[in-house]
Amino acid sequence: MEAMILAAGLGTRLRPLTDTLPKALIAVRGRPLLAHVMDRLVAAGVTRIIVNLCHHAEQVSAFLEGNAPPGVKIALSPEPDGPYDTGGGLLAAAPLFRKTDTFLLHNVDVLSAIPLDGLLAAHRAARERSAGRLVASVAVQARDANRQLLFDAHGLMGWENRGPDDGVRESQRVREPVGPLRRWSFTGIHALEPAIFGLAERTGRFSIIRWYLDLARRGYTVQAVDMSAYQWTDVGTPERLAEA
């Protein structure tokens, strides 16, 4: 099985640490974030990992050269004029994928106990019922967050940003909701079908949520998989790094 780790980000919220060190190599309990995420992917059955690179790319490349998990092949996807954001980074790496089966996508700054095998099982079960329309399953949680994804009976259909007063500041919906509307918080962990690469209409730098919404508008499905019961943290700020 293949997976991709999104590791090209600038890590601006972690400055000054990331002025000289890529976010992917910031240590938690003595090991880089990248190593923790690779461990999780390998435990789920991944044997080939694609890693995108931009900020301090040479450091990440050197680390992977000497620290690839046993039996796991590593492919690098450089973004010399990037970073390309989550969607653009995945699309740029498309030629590196074998495109034979479902693959995992994981943010490098996310540490969690979310069962990746459970996410894959939920995705594959939904795929059998989808008549070829399911393109991705996103691990989500019911937790407080300013930005939330909107799902209805047919899957992802929008997002919204809320302010401290819980009022909606920004939002997007690509269609009218079908059935009850649910608000979920994003985790940065996905299971995707390789067919998604042939469905892209954007190029350059863009978020994967924009890509998903493009597909939802066209009748494809991105489903939510509730992982609220499991520990999760986004190591994106000095405070969260200390907690981790």
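From the list GLY198, GLY179, the lone residue that is among the small types (Gly, Ala, Ser), exposed (fewer than 15 other Cβ atoms within 10 Å of the Cβ), over 24 Å from LEU96 (Cα atoms) and over 14 Å from the mean Cα position of the chain (by Cα) is GLY179.
Taking into account only those residues within the stretch 126-153 that are farther than 17 Å from GLU193 by Cα and part of a loop (DSSP other than H, G, I, E, B), which is farthest from the chain's Cα centre (by Cα)? Per the stated criteria, the residue is ALA153. Taken over the stretch 68-119, the residue count meeting the criterion of being more than 18 Å from VAL138 (Cα to Cα), at pLDDT 95 or above and of a type in the set (Gly, Ala, Ser) is 5.
Does the stretch 129-152 contain any residue that is without any contact (Cβ under 8 Å) to a residue 12 or more places away in the chain, more than 15 Å from LEU90 (Cα to Cα) and touching a strand residue (DSSP E or B) at 6+ places or on another chain (Cβ under 6 Å)? Scanning the stretch 129-152 turns up no residue that is without any contact (Cβ under 8 Å) to a residue 12 or more places away in the chain, more than 15 Å from LEU90 (Cα to Cα) and touching a strand residue (DSSP E or B) at 6+ places or on another chain (Cβ under 6 Å). For the stretch 58-76, enumerate the residues that are in contact with a Pro (Cβ under 9 Å, 6 or more places away or on another chain) and under 16 Å from ASN107 (Cα atoms). Within the stretch 58-76, just VAL60 meets the criteria. Every condition in (1) within 14 Å of the chain's Cα centre (by Cα); (2) modelled with pLDDT of 95 or more holds for ALA8 except the one numbered (2). Taken together, GLU170, GLU176, GLU201 contain a single residue that is more than 20 Å from ARG124 (Cα to Cα) and part of a strand (DSSP E or B), which is GLU170.
The values are calculated or read from the model by the stated rules, or taken from the named source; none is laboratory data. Owing to the predicted nature of the structure, the values given are computational and were not obtained by experimental measurement. Cβ coordinates were reconstructed from backbone atoms using ideal geometry, including for glycine residues, and neighbour counts include every protein chain displayed.
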